[in-house]
Amino acid sequence: MLGVFAAFLAILPVTYLVLRLAQGLDAALLELLRPRTLELLINTVLLVMSVSVTALAIGLFQAWFIVRTQLPWPGLFALLATVPLAIPSYVLALGYVSVFPWFSGFWASWLVLSLATSPYVFLSVAAALMRSDVASEEVARSLGLNSWSIFWKVTWPQLRTSTTASSLLVSLYVLAEFGGIAILRYDTFTRAIYNAYRSSFDRTAAAALAVVLVLITVLILLIERRFRTDYLSLRTSNAKRLRKTIKVMPLVVASLSIIGLLAVILPLGSLINWTVVGGRIFDFSLLVEALANSVLVSLAASVMIAMFGMAMAIWLVLHRQRLATLCEGIIWSNHALPALVIGLSLVFFGANSVGALYQSIWLLLIAYLILFLPNAMAAMVTPLSQVPMAMTEVSRSLGKNYGKTLRKVVLPIAQPGLVAAIALAMLTVVKELPATLLLRPTGTETLATRLWQATEELAYSQAAPYALTLVIIAGLPALALNASVRATYRGVSSQ
Amino acid sequence: MKRRLFAALLPVVLALGLAGCSPADESALVIYAGRSESLIQPLIDRYIEETGVEVEVRYAGSAELAAQLLEEGVNSPADVFLAQDAGALGAVSKAGMLQLISDDLLALVEPQYRAADGSWLGVSARVRVLNYNPERVTDLPESVLDLAKPQYKGRVGIAPSNASFQAFVTALRLIEGDVVALQWLKAMKNNGVIFEKNSAILEAVEAGQVDMGLINHYYWYARAKEIGKENMTSKLAQFVTSDVGNLRNVAGVGVVSSDPKAKEFVKYLLSAQAQQYFVDETFEYPLIKNIAPYEGLTPLSDIPAPDFDLNDLDALEETLELIREAGLL
């Protein structure tokens, strides 16, 4: 069964990492007891916390003013608040350092990651704000509360669930972040793991640091579980949307413009500029080759993900077996793990256990499968579960066997949703950097790895065209698709 | 249905996987290259053009590739290891993974630029230099050890993940001892600004982002040829005579497999044509007779380098440990 196999693949990385660690326990302990580990821990925690808070502030600010006030051009500002999703963080970082060479360290990483992650907060909070009950705010106002008290006592409780959820997303994102932080030269666990892997004959050190990163991830998930609240807003009426006019509107417009400028216009502008300036000495045949590789690899990966995802989704939705739920849980357990850790464990596994897979495209495809199956699976479950049970039952009662029912009834109905989920998986694969870096077959360069190599030499004119191509072919389509996938989600949840 | 879907899609995946990124072709010459792609790929392209041999190159840091070769052991798909410094080659040789190079090829290169046991061979030489911005640095440090002094805080670009820097640290360890070396590295944790590559350091010194940096000589010459010597902001300097900061090193090659094509490739690297490429395109020192270095370079024998046996650079593992202990990696 494909589902069981996928679950087996899913537990592989961490298991192998732990095995590797057990083999070299002395070396691992030596590595972890260094003052350096503490330094990394502090750096990582500092960045995770500061970015979470900042992204939350930015996202809330954008969402509230865009949804709740009579802001001029709300569509434009909503777009500016969402577009950073289309820009991989390492591209954003590149955009910055190519304008300001001195841009590095904690503050640089803080700014870039805050801008890169704030859309998650914005989207989630904006959706919650649109759902939330305006009537109770009006009641509060009629009882004489001022705007601030209304926000804290009435609005905020309704937003808590979405802010907690998106903050979790942001913290996990920052923990797993590799490319952007490395370009901005700030030492966190991911960068240290990569360096330990590259420059240590005993790779146990890298495994030891990776296990610490896994533990932090688990800790964050546990903390989130403690504080998760299930606030259900009581929708009393589809009240008219209240759009306030406020006195400081020019100030708000200015702030929103500055955020948009920093998050979208400045970095993309810089990359366009470098592409134009450096176009003369840029080897476009390499770009075409990398583009072709990116497309092929991600196409292969998405076909594989589709296969497994579909099997899992059908198993989950139509059969509801206990084993299916168990496998689903195992597959999900990986989705918070940094790609770098997955990549690293597969390198160990490949070099020592399955020589035939080593440095082949298969190991890379397995990494993508482990990384992106959870989301694809979730996205596929939704359209499948929208297929009315009654229709499959009618089909069966008319004598069609199981396979035929699936092919003639279930899949056609669910098709648009499924296709969107697969396409989204493919676009996500194109943007993946750390696992690709570790596992790509000899001689296979993708857009992301080419960009990475050029950045290591600070050759911006060579890196910028790859960055732009990534945003255009993967980022923007992913953004559009994401919106449509979210729309189906919302459709289901309101049913 | 599931099985049928699987059966239908599997060939597609297979075809895509194989067509898209043919996994290591059995007949191709597999090169693990620790040198920058921009510096060495043009030469490899010429080789392919002339011989028609199929070549696959895996680019990464020299130390990373050395570690990878050791981890892979006999399973390694590599035929040739092209390293940025003698230390990475020595480390792989120490593990018994390099084939002996034939005497006729060894004889082309002076003994001090190849392995004592004939397991690897230098193909081009380079010198460690101080790259500095004359507007910001007026008093040049006498020794590379001086860079540990407080007045250099945050002013010195270094590339700890780079093989040339690591080779320099090995020499520092062996000449001055581990204690001094560790102290220096720890001081550089404060004084240094970390970059990935030599080229990035030069870029940063040119842009005025850092005041000086430790690099190999040829990066400066390559840049000078590109934009014109008169347009260079930064300059190069050597430390005092015999200072370990002036280390002479080679980029070299070792043969990993018994594939005869590997030996042919080594032979090509030592041909007059390839050596001239290093002179004209990468501004390194050629290592065979009758080829003159790039005009304007101090002759290799006149470099105030320390007297150091490149074979000793094979103690790379201990060096990496020390750099990591200092928290630079």
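The values are calculated or read from the model by the stated rules, or taken from the named source; none is laboratory data. The structure presented is a predicted model; accordingly, all values stated were derived computationally and were not measured. Ideal geometry is used to build each Cβ from the backbone, glycine not excepted, and the neighbour counts take in all protein chains shown.
Whether a residue is surrounded by 21 or more Cβ atoms within 10 Å (Cβ to Cβ), at pLDDT below 90 and at negative phi was assessed, and B:Ala67 passes this test. Only one entry of A:Ile331, A:Ile342 meets the criterion of being under 25 Å from A:Ser166 (Cβ atoms), more than 13 Å from chain B (Cβ to nearest Cβ), at pLDDT 85 or above and in a helix (DSSP H, G or I), and that entry is A:Ile342. Taking the range B:42-54 as the search range and keeping residues that are within 18 Å of A:Gln453 (Cβ to Cβ) and within 12 Å of another protein chain (Cβ to nearest Cβ), which one is farthest from the chain's Cα centre (by Cα)? Step by step, filter the range B:42-54, then rank; the result is B:Asp45. The single condition among (1) among the hydroxyl-bearing types (Ser, Thr, Tyr); (2) within 22 Å of A:Arg20 (Cα to Cα); (3) in a helix (DSSP H, G or I) that A:Ser302 does not satisfy is (2). Among the residues of the range A:164-172, are any without any contact (Cβ under 8 Å) to a residue 40 or more places away in the chain, touching a helix residue (DSSP H, G or I) at 6+ places or on another chain (Cβ under 6 Å) and more than 14 Å from chain B (Cβ to nearest Cβ)? The answer is no; no qualifying residue exists.
Is it the case that some residue within the range B:114-123 is closer than 17 Å to B:Val240 by Cα and either of a type outside the set (Asp, Glu) or part of a loop (DSSP other than H, G, I, E, B) (or both)? Among the residues of the range B:114-123, not one is closer than 17 Å to B:Val240 by Cα and either of a type outside the set (Asp, Glu) or part of a loop (DSSP other than H, G, I, E, B) (or both), which makes the answer no. Restricting attention to helices (runs of 4 or more DSSP H) lying wholly within the range A:20-104, give those where 2 or more residues are basic (Lys, Arg) and buried (at least 16 other Cβ atoms within 10 Å of the Cβ). So the answer is A:35-68. Just one residue in the set B:Ser164, B:Ser143, B:Ser199 is surrounded by fewer than 17 Cβ atoms within 10 Å (Cβ to Cβ) and hydroxyl-bearing (Ser, Thr, Tyr); that residue is B:Ser143.
Output the residue which, of all residues in the range A:165-206 that are part of a helix (DSSP H, G or I), out of contact with any Phe, Trp or Tyr (no Cβ under 6 Å at 6 or more places or on another chain) and among the polar types (S, T, N, Q), is farthest from A:Thr449 (Cα to Cα). Only one residue tops the list, namely A:Ser167. Restricting A:Ala301, A:Ala324 to those that are in contact with a Phe, Trp or Tyr (Cβ under 6 Å, 6 or more places away or on another chain), touching a residue at least 12 places away in the same chain (Cβ under 8 Å) and more than 24 Å from A:Ala176 (Cβ to Cβ) reduces the list to A:Ala324.
Look at (1) away from every other protein chain (no Cβ under 14 Å); (2) surrounded by fewer than 18 Cβ atoms within 10 Å (Cβ to Cβ); (3) of a type in the set (A, V, I, L, M, F, W, C) and you find that A:Leu433 fails only one, number (2).
Each residue in the range A:356-378 was checked for being among the β-branched types (Val, Ile, Thr) and touching a strand residue (DSSP E or B) at 6+ places or on another chain (Cβ under 9 Å), and 0 pass.
Report, by residue number, each residue of the range B:220-262 that is over 25 Å from B:Val57 (Cβ atoms), under 18 Å from the mean Cα position of the chain (by Cα) and not basic (Lys, Arg).
Within the range B:220-262, B:Trp220, B:Val244, B:Gly245, B:Asn246, B:Leu247 qualify.
For the range A:133-154, the condition of being assigned to a helix (DSSP H, G or I), at pLDDT below 95, under 20 Å from A:Thr54 (Cα atoms) and among the hydroxyl-bearing types (Ser, Thr, Tyr) holds for none of the residues. Condition check for A:Gly417 on (1) buried (at least 20 other Cβ atoms within 10 Å of the Cβ); (2) at pLDDT 85 or above: one failure, at (2). Looking across the range A:339-358, the residues that are under 14 Å from A:Arg191 (Cα atoms) and not β-branched (Val, Ile, Thr) come down to A:Ala339, A:Leu340, A:Gly343, A:Leu344.
Here A:Ala423 qualifies as at pLDDT 85 or above and away from chain B (no Cβ under 11 Å). Answer with yes or no whether B:Phe168 is assigned to a loop (DSSP other than H, G, I, E, B), of a type in the set (Phe, Trp, Tyr) and away from chain A (no Cβ under 11 Å). When the stated conditions are applied, B:Phe168 does not pass them.
Residue pairs whose Cβ atoms lie under 7 Å apart, separated by 6 or more positions or on different chains, with the first residue in the range A:355-377 and within 10 Å of another protein chain (Cβ to nearest Cβ) and closer than 16 Å to A:Val430 by Cα and the second of a type in the set (Ser, Thr, Tyr) and assigned to a helix (DSSP H, G or I), are A:Leu364/A:Thr436. Only one of the listed residues (B:Glu317, B:Glu295) is acidic (Asp, Glu), out of contact with any helix residue (DSSP H, G or I) (no Cβ under 6 Å at 6 or more places or on another chain) and farther than 23 Å from B:Ala115 by Cβ. That residue is B:Glu295. Please indicate, with yes or no, whether at least one residue in the range B:177-192 is buried (at least 19 other Cβ atoms within 10 Å of the Cβ), within 13 Å of chain A (Cβ to nearest Cβ) and not in a helix (DSSP H, G or I). Yes, some residue in the range B:177-192 is buried (at least 19 other Cβ atoms within 10 Å of the Cβ), within 13 Å of chain A (Cβ to nearest Cβ) and not in a helix (DSSP H, G or I). Considering the range B:73-101, the residues that are crowded, with 21+ Cβ neighbours inside 10 Å and part of a helix (DSSP H, G or I) include one that is nearest to the other protein chains (Cβ to nearest Cβ), namely B:Ala91.
Checking every residue in the range A:232-252 against the condition of being more than 21 Å from the chain's Cα centre (by Cα), within 14 Å of another protein chain (Cβ to nearest Cβ) and modelled with pLDDT of 90 or more gives zero matches.
The condition of being at pLDDT 95 or above, away from chain A (no Cβ under 13 Å), closer than 25 Å to A:Ala454 by Cβ and touching a strand residue (DSSP E or B) at 6+ places or on another chain (Cβ under 7 Å) holds for B:Met212.
Against the conditions (1) surrounded by fewer than 16 Cβ atoms within 10 Å (Cβ to Cβ); (2) more than 16 Å from B:Arg155 (Cα to Cα); (3) within 13 Å of chain A (Cβ to nearest Cβ), B:Ala207 satisfies every one except (2).
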